[in-house]
Every structure is written in C-alpha cells, then in structure tokens.
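The numbers here are math on the coordinates, done by the rules we state, and not lab data. Keep in mind that what you see is a predicted model, and the values were worked out from it rather than measured. Don't worry about glycine lacking a Cβ; one is built from the backbone with ideal geometry, like all the others, and counts go over all protein chains shown.
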Amino acid sequence: MESTNQQIINLFNESFASGDYTKKAPAGDLLCEHRGYCVYEPGQTPCWSPFIGDDNPKIMVVAEAPSALGGNDLWIGGLTKDIFESDEKQSKSLMAFLKFIKEYYGVYPYFTDLMKCGLNKQSNSKKRELFPKRKEKCMTKFLHKEIKIIRPQEIICVGRESYDTLLKDPLIKKLNIKLTYLMHYTQASLQMTSEEKEKILWPYQIGKLLPKEKLLDLKCFKTIKNQ
C-alpha cells in the first residue's frame, strides 16, 4: 500500500504540473478544471499545493487560503521540515507557529488550506465574491480527499474561517476528528510578538500553558514588571 504522502502527491499531481512535490518550487501550470469558475489568474493568484509533513502525522493544520506574502503565482509547497532548513528568509510568525506545533505535538504537520487559491490583495469585497464558491469546489476536490488520506486525530484550524467551516463539515463528525482553534499567526490586530504567541497564546488555546516561572521570564512580562 502506498504511503500517505505518496497518496497526497498522486492527488495533487492531477492538478499541479510538477515533477517533484517534496521540494518548494514554482509549478508548471494549474490543470484544475475549476480554474475558470474560481477566477484563477496566472501570475496574479497565489496558489499553493500543501506542505507535506511526516508520513502518517495524525496532525493536520488547515488555514483559510494562501497569502500573497508567498508570491502571486503557482507554487509547490514541498516538505514542512524543509522550512526550518531553508536558506530563504521566512516569516517569523510562520516559523514560530511551526516550531510550536513541532514542540507540542512532536511531528512536522501536514499543512494545507480550505482553498488552494488566495487573493493577491486582501479585501472583504473580493473575499465575499470569490471565497464561497472557491471553498465549495476546492473542499470537494482537495480537502475532503486530503482528510481521508491523512486520517488525522486532530486538525489545528488556523484562523476563525477554517475552524467555523470545519466545525459544520459532516466529514469531521463522521471521522470523529478533534478540531482545535488557534488564532492566525499573522493576526494583525493582535499586538503580540512571535515569541509571545508561541509561548503564551497558542499553548493557552490548546490547554498547555507554560509554568508560571517560565512565563515570567518572557520579555513581555519583564516589560510589564519594569513599568
């Protein structure tokens, strides 16, 4: 029987033109039959295949959609563990988030999105126009199949949209998958450093807050103490 990661590669090989899904790289073309309906614009729409985690990780991370921060183009995500080993400059928030997941769950997670196509410019009007129909098509074509292949014990939902959507999804109930909501690592309105999210917010949300003596050693608490 093929490994879970090979099954994932087979799934995305039908829609992302690429020779290697284990390396982050531009994809050749998007072959998805819904690209017209979902208004995919080559070179303008950030579109990513997932970051592949450990084989049989039992933990999935699901966000809303790719961000333009990674580029307005078509990309193969590659392996989650390679983000730590890459020479490229990575988002501090993303690195803190993945470090948190690895520390508390002991695995490099499988990291995907409700929708594989995002927006090059975030706007509420564009989201209202495109995301509902993209979500419907993309979850049927990809996410539901991803979940059935990975068979996770727990899905970490990054952001409210991911959590609220999966909470109403019959497949989650059918497979008895635990859902955990985590505030998005790039939440602009949350005035916390990456370290504070990693050591305070996310552990609090999963019920594993650091001991008091370690919390008090963090920069934010030292600042409060000195005021």
Note on region 95-181: alpha-carbon gyration tensor, axes a ≥ b ≥ c; rule is a/c under 1.5 for rounded, else prolate if a/b larger than b/c, else oblate; result oblate
If unit charges are put on Cβ atoms (+1 for Lys and Arg, -1 for Asp and Glu) and the dipole of region 4-190 is taken about its Cα centre, the option from Pro132, His184, Pro42 lying farthest towards the positive end turns out to be Pro132
For region 4-190 (alpha-carbon point model, no solvent) the Debye-based log₁₀ I(q)/I(0) at q = 0.08 Å⁻¹ works out to -0.22
Row for region 1-96, column shape: gyration tensor on C-alpha, a ≥ b ≥ c, rounded if a/c < 1.5 i.e. under 1.5, prolate if a/b over b/c, else oblate; value oblate
